[in-house]
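I have placed the structure first, in the form of structure tokens, so that the comments after it can refer back to it.
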Amino acid sequence: MNKKIHLICLGVLSVLVFNTGYAKEPKNLDLVKGVLIQYHDSGEYEKEQAKVINHAMQYLKIRLKRAKQKTETKKLAIVLDIDETSLSNYSDMKKMSFGGTLRQIMDAQANGTDSAITPTLKLYQYAKANNIAVFFVTGRTEPYRAATEKNLTNAGYTKWDGLSLKGDTYKERSAAPYKIRARSLIENQGYDIILNIGDQQSDLTGGHADKTFKLPNPYYLIP
Ligand SMILES: [Mg+2]
């Protein structure tokens, strides 16, 4: 930025700050939590999820049609994230008042009682019924593999072609590099990942999928 413009901007900013004397009070936390509960309980959350999955389904059908016309050269696959994409942690999140330590959250996941996110389950069933490979790529870590497998099965995700969990010693701040590597390994097995669906931007960045679909999640952020 030009030095002169920079100084003018700083000047305007300090006038704004020093004239008011204090920053605008942020929204009250309990009221925000009320809005989050309402978003879920009103059905709006699931409606938004269904809208996104519906778009993903339309694209899946286009690729299936091409596969039937023998114009696809590779085996088709889809990648699904797990939490807030395939399974819902909502009841645990609400119980913990949308807080809790990482340990408490992981222990809740270890119970293996999360319910399916219905629109995603339907997409999964449609994909499996049409011989499209399904890979789960989750930020859950390896020690939670057995609990995760049990939970997926109980929720109706009875078969999959791969389940990738994060290594216990993963140190990067963002989940994205791990997820990118996981998709790259799927491609190395000869698959074309036609869809990658997740609720976090870090599920989706970095390519290795023909199309990405972002589900809503106002409850937490994973860098
Ligand atoms: Mg997720």
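Residues are listed down the side, and each one gets a yes or a no for (1) modelled with pLDDT under 95; (2) assigned to a helix (DSSP H, G or I); (3) farther than 22 Å from residue 137 by Cβ:
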{"site": "45", "(1), (2), (3)": "no, yes, yes"}
{"site": "53", "(1), (2), (3)": "no, yes, no"}
{"site": "70", "(1), (2), (3)": "yes, no, yes"}
{"site": "77", "(1), (2), (3)": "no, no, no"}
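The number of residues in the range 92-124 that are at pLDDT 90 or above, within 16 Å of the ligand (Cβ to nearest atom) and among the small types (Gly, Ala, Ser) comes to 2. If you go through the range 154-170 and keep only what is under 19 Å from the mean Cα position of the chain (by Cα) and surrounded by fewer than 11 Cβ atoms within 10 Å (Cβ to Cβ), you end up with just 167. Checking each residue of the range 13-27 against the condition of being out of contact with any Cys (no Cβ under 9 Å at 6 or more places or on another chain), within 16 Å of the ligand (Cβ to nearest atom) and among the small types (Gly, Ala, Ser) gives no match. Going through (1) in a helix (DSSP H, G or I); (2) closer than 18 Å to residue 53 by Cβ one by one, residue 187 falls short only on (2). Scanning the range 183-201 for residues that are free of Cβ contacts under 8 Å to residues at least 60 places away in the same chain and either within 15 Å of the ligand (Cβ to nearest atom) or under 11 Å from the mean Cα position of the chain (by Cα) (or both) gives a single hit, 201.
Test residue 161 against the criterion of being among the acidic types (Asp, Glu) and either free of Cβ contacts under 8 Å to residues at least 12 places away in the same chain or within 15 Å of residue 196 (Cα to Cα) (or both), and give yes or no. Criteria met by residue 161.
Selection within the range 63-88: residues that are crowded, with 20+ Cβ neighbours inside 10 Å and among the polar types (S, T, N, Q). The member of this set that is farthest from the ligand (Cβ to nearest atom) is 88. Residue 164 falls short on exactly one of the conditions (1) within 16 Å of the ligand (Cβ to nearest atom); (2) more than 29 Å from residue 61 (Cβ to Cβ); (3) among the polar types (S, T, N, Q), and that condition is (2). Take the conditions touching a residue at least 24 places away in the same chain (Cβ under 8 Å), out of contact with any strand residue (DSSP E or B) (no Cβ under 7 Å at 6 or more places or on another chain), away from the ligand (no atom under 16 Å from the Cβ) and in a helix (DSSP H, G or I) and apply them to residue 57. Does it pass? Criteria met by residue 57.
All of (1) crowded, with 21+ Cβ neighbours inside 10 Å; (2) in a helix (DSSP H, G or I) hold for residue 108 with one exception: (1).
The values are calculated or read from the model by the stated rules, or taken from the named source; none is laboratory data. Note that the structure is a prediction, hence the values are computed from the model and not measured. Cβ atoms come from the backbone with ideal geometry, glycine included; neighbour counts cover every protein chain shown.
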